[in-house]
Amino acid sequence: MTRRGMLDSFARKPRLWFCLGLIWLLPFHLLLVSQNEWFGELPKPVGDGLDYENLAFHLWQGEGFVFDSSDVQWRAPYVAKAELYQLHLDAPPRTLAVTGRPPLFPLLIAGLYKFIGRDAMGLAAVHMLLAACLAISGALAGWVTARLLSHTVSMPLVMVGVLSTWGIHATNRTLRTYTEDFLTEPLALLLTELLVVAVVGLLAQQPSPPVVPARCTTNSVPNATTDQGVLSAWKCVGRSALLGILLGTMILARSLFVLWIPGVAFLVYCSVPGARRRRLVCAALAACFACLVCGPWWIRNMLVLHAPMPLGTQGAITLVGGYCDASLEAGGDWQFAPELQLRTALAADGSLDSAANETQREVIVARAARRQVHEWIGNHTAELPALAWARIATHWNPYSGPSLAWKLAALAGGCCLLLRRDRLAWWFLGLPMLSTLLAASLYTTGGRFLVPLYGLLFSLAGYGLSCGISHCLGKFPRR
């Protein structure tokens, strides 16, 4: 084989690209996080990090999935830095069995505490875990780009696409900020990218034609074809189940992904080749396996709350900050003040006095929040389209500089998939549309809901850039 042939053969092996990406992205992200001022420190005083750390602490202590801000041992490191955490230390103590936070991330932190301890090394390990999630997701994004390009363009353009994907990933400041705190975005990004990899593997499986020996009669050919079709069908069913398992794991990392179940089932039905019955079976399997993975957690929530709330109390309470006058004035961004006002009003009028414990108080707050949201929507029907459009604009911001460049490249990549009539276009365009639809329907938090799809979008950007260069070279060939 010639040197050029060896290079082409290398370029068309996505696994090698994944290994190369991991070799340099993992040290890169670990080095960056180790140089950050929050490396080895407690969660930032603003955000959800303290809640996840509190849950992880009590899991580590064997107390279950509970939140207790009055625990002296948990408060000790925060008291040592009271100048940063005084607001949280002075807040009224709360003790309750938590259903509003998904369990996967606190379980991972508790596992690190068990093996390393809750000291500077253990806290640093949490930040390193988040950095590793970024590195693996970036390497997988390069794998996806190489897979998209491996059968369409030459080796140099495969290199351009993969290197562009890595470059966009490594220079993205938004991703790096999530390694500074105890937040679920890096984990959600990794799990979503694994879902994309599984989709690419599902739809890229091209069954090879059956090999018919020379002595076979014509009657044996249909049997070989049938066997091959059965094998392909079983592979399709197995990979659909894998999609469901991955989606269920994503829900255990971020509860919002539960709203992806109908969308993912629809995309499976539309993209999987074969007859309608086969596509229906694959779509149903994906949805069922997602629910099976989450089933124990949902049953636990209903037993704890003594109410038919498998998803817990957070969803209804959080929606108050999305459907309110303050959110309307803030361009659709979620606001905390309405939830605080609701809790204060319920405490003042005695609505919470009948609750047996703090957990039941959350149930009362959730039901009151649901009524308030319905009432606000009924009184502001005319403003809902403008509110949804403002959320979409916030969901995809910013629209300048490098962010605008890679988003335009991703748009070009999506157009190229459509022109190729590739089945993957259903997913590479459908998942961003699904995320946008949910943001428009619920609320936005400065574009955080788009972060889990960054790997997919970076792959689309690298693919679009390579296809654009290939098109230009075809229009203006070199002499």
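Tell me the per residue accessible area of the stretch 313-385 using a 1.4 Å probe; a whole number in Å² is fine.
Value for the stretch 313-385: 52 Å² per residue.
For helix 384-395, what angle does its Cα long axis make with the longest principal axis of the chain, in degrees from 0 to 90 and rounded to 10?
Result, in degrees: 70.
Could I have the simple spin-label model distance between Ala80 and Gln35, label points 7 Å from Cα toward Cβ, reported in nm to one decimal?
2.7 nm
Return the distance in nm (one decimal) between the two label points of a simple spin-label model at Ala386 and Arg370, each offset 7 Å from Cα along Cα→Cβ.
3.0 nm
Leaving ligands, DNA and RNA out of it, report the carbon-plus-sulfur percent of the accessible area of the chain at a 1.4 Å probe.
Using a 1.4 Å probe with all protein chains present, the chain comes out at 65 percent carbon and sulfur.
Keeping all protein chains in the complex and leaving out DNA, RNA and ligands, what accessible area do you get for His471 with a 1.4 Å probe, in Å² to the nearest 10?
Looks like 110 Å² after rounding.
For Ala326 and Lys114 in the same chain, what is the full-extension length gain: residue separation times 0.36 nm, less their Cα-Cα distance, in nm?
Result: 72.1 nm gained on full extension.
Using 0.36 nm times the number of residues separating Leu292 and Lys407, minus their current alpha carbon distance, what extension gain do you get?
Length gained, Leu292 through Lys407: 37.9 nm.
Normalised by the empirical 2.2 N^0.38 Å for globular proteins, what value does the Cα Rg of the chain take?
1.09
Please arrange Asp353, Asp325 by accessible surface area, largest first, computed with a 1.4 Å probe and ligands excluded.
So the residues, ranked largest to smallest area, are Asp353, Asp325.
In degrees between 0 and 90, to the nearest 10, how far off the longest principal axis of the chain does helix 220-253 point, with axes built from Cα atoms?
For helix 220-253, the angle is close to 20 degrees.
Under a 1.4 angstrom probe, counting protein chains only, how are Lys13, Lys44 ranked by accessible area, largest first?
Ranked from most to least accessible, the order is Lys13, Lys44.
What does the charge count near Trp74 come to, summing +1 for each Lys or Arg and -1 for each Asp or Glu among other residues with Cβ under 13 Å from its Cβ?
Overall, the nearby charge balance is -2.
Among Lys235/Lys407; Lys13/Lys235; Lys114/Lys235; Lys81/Lys114, which pairs are too far apart, with a Cα-Cα distance over 28 Å?
Listed pairs above 28 Å: Lys235/Lys407; Lys114/Lys235.
Using heavy-atom solvent-accessible surface (probe 1.4 Å) with all chains present, what is the largest-first order of Ser255, Ser327?
The ranking, largest first, comes out as Ser255, Ser327.
Taking N as the number of residues in the stretch 313-385, what value does Rg over Cα atoms divided by 2.2 N^0.38 Å take?
Computed over Cα atoms of the stretch 313-385, the ratio equals 1.13.
The values are calculated or read from the model by the stated rules, or taken from the named source; none is laboratory data. Small disclaimer: the values here were computed from a predicted structure and weren't measured. Neighbour counts are summed over all protein chains in view; Cβ atoms, including those assigned to glycine, are modelled from backbone coordinates with ideal geometry. In case anyone asks, the SASA skips ligands and DNA or RNA and just uses the protein heavy atoms, side chains included. Shrake-Rupley method; radii C 1.70, N 1.55, O 1.52, S 1.80 Å.
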